[in-house]
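Chemist: Here you go, one structure.
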Amino acid sequence: MKHTTLGTLDVSRLGLGTMGMSAFYSGAGADDAESTRTIRRALELGVTFFDTAEMYGPYINEELLGRALGADRDSVVLATKGGTLRHLDDGSYGYDGRPENLRHALEGSLRRLGTDHVDLYYQHRMDPSTPIEDTVGAMAEFVAEGKIRGYGLSEAAPERIRAAHAIHPITAIQTEYSLWTRDPESELLPLLRELGVGFVPYSPLGRGFLTGAIRSTESLEATDFRRNNPRFESDNLAENLKIVDAVESVAAEAGATPAQVALAWILAQGEGIAPIPGTKRVSRLEENVAADSLVLGDDQLAALSALPAPAGDRYADMSAVNR
Ligand SMILES: NC(=O)c1ccc[n+]([C@@H]2O[C@H](COP(=O)([O-])OP(=O)(O)OC[C@H]3O[C@@H](n4cnc5c(N)ncnc54)[C@H](OP(=O)(O)O)[C@@H]3O)[C@@H](O)[C@H]2O)c1
């Protein structure tokens with residue numbers, strides 16, 4: 001597996017997102033043994049970058065990942081996120097970037113992950129009611145205390161990234177990016193290159209859609225996040241399947257799978273980018289990791305880059321992203 005650099009961290013350029021093992025998608029929590037085997041197989045295949053968050057479950061995904069890594073924890077870059085549970089109030093979901101809340105969240109993450117430090121600690125969503133100076137001040141303290149090696153922000157707007165980076169250098173920004181979510185290309189990616197900040201694209205398979213495995217939402221569980229996602233609503237879904245058809249046709253030409261094509265296209269966007277595809281199955285992990293050695297031709301990359309914009313927003317409520 002090839003490696004890349006996020007700020008000062010060396011990571012396998014394909015990571016593993018573990019969210020779906022415990023939350024949001026159909027089958028979450030149904031087979032922890034297979035999820036554990038998936039994490040163990042990722043280690044064998046050279047994946048050294050693992051992504052979780054306190055709100056996945058909440059809590060149980062960090063516990064699962066910590067248990068599965070076991071004694072191998074120190075040979076990987078472990079990333080988690082806080083700031084979306086209000087520990088100073090009733091512990092409910094909600095954005096809270098106050099230093100005391102982040103400190104409480106981090107202590108819990110360390111305990112559940114069974115480690116004395118997190119390599120990359122993100123504020124999961126920006127909290128406009130807390131000055132960025134306060135939030136980043138807390139992150140800098142965690143670094144000084146050895147509790148985290150670097151910090152990141154998820155779904156932060158360019159002006160907030162600039163402000164945060166001026167206070168303490170950011171290791172990486174995590175934001176949705178894939179063949180059907182191209183918004184980061186206009187402003188975010190150039191800014192990160194200018195600042196030398198890493199980029200971690202989440203949902204790089206379009207929440208599974210770009211693999212061609214989801215052609216209708218009928219088979220998804222009632223609680224599956226995608227059932228309430230505008231891009232999966234019937235008219236939008238029908239329109240968006242044209243994107244999948246195009247990815248499938250490049251895949252057929254390249255002798256690869258659509259998932260591999262979607263990942264190889266991201267990897268072709270340059271250094272300092274480490275997507276974190278999610279799966280809870282060993283077979284799909286093996287398929288996705290093989291994208292590391294898939295080299296698409298210039299014509300194939302150009303065809304993919306020219307795909308139309310999708311129908312529908314990527315969240316039902318867009319007010320909490322890019323701010
Ligand atoms: N910062 C944030 O706000 C944020 C938001 C969302 C996600 N994330 C992070 O990003 C990671 C990845 O994102 P994601 O899980 O939302 O989306 P994703 O990686 O785009 O897609 C995951 C979905 O695709 C399916 N899948 C994976 N590989 C496949 C393959 N080869 N063929 C067919 N289907 C496949 C998975 O199902 P199975 O599991 O059943 O294989 C799962 O439903 C998460 O685990 C999480 O760590 C962060």
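Readers should treat all values here as calculations from the given coordinates under stated rules, not as data from a laboratory. Here the structure is a predicted model, which means the values were calculated and not measured. Here Cβ is always computed from backbone atoms with ideal geometry, including for glycine, and neighbour counts include all displayed protein chains.
Chemist: Note down the net charge around residue 3, summing +1 for each Lys or Arg and -1 for each Asp or Glu among other residues with Cβ under 9 Å from its Cβ.
Modeler: Result for the local shell: +1.
Chemist: Also: Report, in whole Å, the centroid distance computed from the Cα atoms of the stretch 72-127 and the stretch 235-280.
Modeler: Measuring centre to centre over Cα atoms gives 31 Å.
Chemist: Can you tell which of 75, 205, 300 lies farthest toward the positive end of the dipole of the chain, using +1 and -1 charges on the Cβ of basic and acidic side chains (Lys, Arg; Asp, Glu)?
Modeler: 75
Chemist: Could I ask something else about it? Does the stretch 18-119 classify as rounded, prolate or oblate by the C-alpha gyration tensor (a ≥ b ≥ c root eigenvalues; a/c under 1.5 gives rounded; else a/b over b/c gives prolate, otherwise oblate)?
Modeler: oblate
Chemist: Another one. Under the rule of -39500 (n - 2.57) per DSSP H run of 4 or more residues, summed and divided by the residues of the chain, what mean residue ellipticity at 222 nm is obtained, to the nearest 500 deg cm²/dmol?
Modeler: Calculated mean residue ellipticity at 222 nm is -11000 deg cm²/dmol.
Chemist: When Lys and Arg each count +1 and Asp and Glu each count -1, what net charge do the other residues less than 14 Å away from residue 85, Cβ to Cβ, add up to?
Modeler: So the surrounding residues net to -2.
Chemist: Give the peptides 97-103, 39-45 in descending order of average Cβ contacts within 10 Å, highest first.
Modeler: Highest to lowest by the protection proxy: 97-103, 39-45.
Chemist: Got a sec? How would 175, 223, 80, 279 order by Cβ neighbour count within 10 Å, fewest to most?
Modeler: With the sparsest Cβ surroundings first, the list reads 223, 175, 279, 80.
Chemist: A further question on this structure: For residue 2, go through the lysines and keep the ones whose alpha-carbon is under 26 Å away, minus same-chain ones fewer than eight residues off.
Modeler: Those lysines meeting the cut-off are 81, 280.
Chemist: Taking the Cα centre of the chain as the origin, how large is its charge dipole in debye, to the nearest 20, when only Lys and Arg (+1) and Asp and Glu (-1) carry charge on their Cβ atoms?
Modeler: About 320 debye.
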